[in-house]
Amino acid sequence: MQKILFIDRDGTLIVEPPTDFQVDSYEKLAFLPGVMRHLHRIVASGQYRLVMVTNQDGLGTESFPEETFWPAHRKMLDILESEGIRFDEILIDRTFEHEQAPTRKPRTGLLTHYLNNPAIDLANSFVIGDRITDIELAKNLGAQGILIGQAQAPEGEVLPIALRTDSWEGIANFLLTSKPQRSAEIRRETKETKIHIRLQLDGQGRYSNDTGIGFLDHMLDQLAMHAGLNLEVLAQGDLHIDHHHTIEDTAIALGQAFAQALGDKRGMERYGFFNLVMDETLAQVAIDFSGRASLVWDVQLRREAVGGFPCEMVSHFFKSFADQVPCNLHIRCSGENDHHQIEAIFKSFAKSIKMAKQITGTALPSTKGML
């Protein structure tokens, strides 16, 4: 199957003018640093075909006459071809954003022949661009996204960002020499909390967690260690009011991070389950990254709080997580010591995730064709 790089033009291959956003003269034509050298490396590897996909607002109208567009565009292509860089196809949408045309990124109207082609490996193809709409296009195609620069996704939107970088050298190294990392970065900010999470699913158990709630930090540390994740959580919340908002929003953002990092789940085990003992306590957790949200909770906690973590919020943490991924999550626990019960649950949860996240093949683990 053939892998494709769907590459944006302005801001990705060439510099986008900061005033009118139109490259309508030779004087405005300037390449991003390293484009030709590192894109040539990618082409020479023979692993990917190149397709250019670009929105050119109002091309052919009075606001952007064609005679000002084509000379600079053709000059750009000539320079790239002189370096052995050729595009199989160049797809240009001419509409304005307010028209909401089906052919305008992030919509896929220009790309239906790739969506319907069984010879194209979209799951291992990439959309490369400098705007969130490029990453949204990747999501709509079932591909992965490489984001140039620091554009931020709307709050709560889960997008398949495989790499965020400022350089074409980073893109080439990622595509040619690195195993793609299942990673995510989520920022969630409300009037009650400010959450920032970095997650690598295929990590080494490294962690740095600071939520202002000591016991929650300890549980997140356990999650990272025993699931083999790299996890950083920084949460600032209205703890002077209650711990509820900080715990809930941390779980929501963590679930969103998992959803983003898991991607289309192709090749992963999907199911995980683990029984774990801790002194007198037995915790049993099973998880299915099914794309459906459900929590079954069979735990009796007796104390009001453990280490500043309200016991009533333990089940709510897992419910908020399951809703966002989404996943099925079954948790049962028996024991006498609430500290032991909560910690055993988090460790068993981590071990279940470690099993479920394993990549053991290439097929999608569902007869439905999607998860």
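For this structure, a couple of remarks:
- Considering residues of region 93-149 that are among the aromatic types (Phe, Trp, Tyr) and under 13 Å from Val53 (Cα atoms) only, the residue nearest to the chain's Cα centre (by Cα): Phe126
- Checked against the criteria, Leu110 does not count as of a type in the set (A, V, I, L, M, F, W, C), surrounded by 15 or more Cβ atoms within 10 Å (Cβ to Cβ) and over 24 Å from Gly142 (Cβ atoms).
- Restricting attention to region 72-91, the residues being assigned to a loop (DSSP other than H, G, I, E, B) and surrounded by 14 or more Cβ atoms within 10 Å (Cβ to Cβ) number 2.
- Some residue of region 164-176 being part of a strand (DSSP E or B) and either of a type in the set (Lys, Arg) or modelled with pLDDT of 95 or more (or both): yes
- Qualifying residue in region 281-295 (condition: touching a Lys or Arg at 6+ places or on another chain (Cβ under 7 Å), under 22 Å from Asn328 (Cβ atoms), surrounded by fewer than 21 Cβ atoms within 10 Å (Cβ to Cβ) and among the aliphatic types (A, V, I, L, M)): yes
- Check on Gly205, assigned by TED's automatic domain parsing to the domain that holds Leu234, surrounded by fewer than 23 Cβ atoms within 10 Å (Cβ to Cβ) and not hydroxyl-bearing (Ser, Thr, Tyr): yes
- Residue check, Gln222 within 20 Å of Phe318 (Cβ to Cβ), touching a residue at least 24 places away in the same chain (Cβ under 8 Å) and assigned to a strand (DSSP E or B): no
- Residue within region 348-363 that is polar (S, T, N, Q), in a helix (DSSP H, G or I), under 24 Å from the mean Cα position of the chain (by Cα) and assigned by TED's automatic domain parsing to the domain that holds Thr211 present: yes
- All conditions in (1) under 16 Å from the mean Cα position of the chain (by Cα); (2) surrounded by fewer than 15 Cβ atoms within 10 Å (Cβ to Cβ) hold for Glu189, with the sole exception of (1).
- Filtered by the rule that a residue be closer than 17 Å to Ala259 by Cα and in a loop (DSSP other than H, G, I, E, B), region 138-153 gives Gly142, Ala143, Gln152, Ala153.
- For Leu39, the criteria (1) of a type in the set (A, V, I, L, M); (2) crowded, with 19+ Cβ neighbours inside 10 Å; (3) without any contact (Cβ under 8 Å) to a residue 40 or more places away in the chain hold in every case but one, which is (3).
- Only a single item in (1) over 18 Å from Leu141 (Cβ atoms); (2) modelled with pLDDT of 90 or more is not met by Pro17, and it is number (2).
- Within region 235-247, residues that are at pLDDT 95 or above reach partners that are hydrophobic (A, V, I, L, M, F, W, C) and part of a helix (DSSP H, G or I) with beta carbons closer than 6 Å, at six or more positions or on different chains, in the pairs Ile247/Met313; Ile247/Phe317.
- Options Arg198, Arg182: the member that is touching an Asp or Glu at 6+ places or on another chain (Cβ under 8 Å), of a type in the set (Lys, Arg) and either touching a residue at least 60 places away in the same chain (Cβ under 8 Å) or surrounded by 21 or more Cβ atoms within 10 Å (Cβ to Cβ) (or both): Arg182
- Qualifying positions in region 212-254 - under 18 Å from Ile342 (Cβ atoms), in contact with a helix residue (DSSP H, G or I) (Cβ under 9 Å, 6 or more places away or on another chain) and acidic (Asp, Glu): Glu248
- Count of residues meeting criterion [of a type in the set (Ser, Thr, Tyr) and either touching a His at 6+ places or on another chain (Cβ under 9 Å) or closer than 24 Å to Val35 by Cβ (or both)] in region 106-137: 3
- Pairing each residue of region 17-35 that is under 16 Å from Leu77 (Cα atoms) and surrounded by 19 or more Cβ atoms within 10 Å (Cβ to Cβ) with any residue that is among the basic types (Lys, Arg) and at pLDDT 85 or above, provided the two are 6+ apart or on different chains, yields C-beta distances under 9 Å for Val23/Arg9.
- Scanning region 115-133 for residues that are out of contact with any Phe, Trp or Tyr (no Cβ under 8 Å at 6 or more places or on another chain) and not small (Gly, Ala, Ser) yields a count of 10.
The values are calculated or read from the model by the stated rules, or taken from the named source; none is laboratory data. Given the structure is predicted, the values throughout are model-derived calculations rather than measurements. Cβ atoms come from the backbone with ideal geometry, glycine included; neighbour counts cover every protein chain shown.
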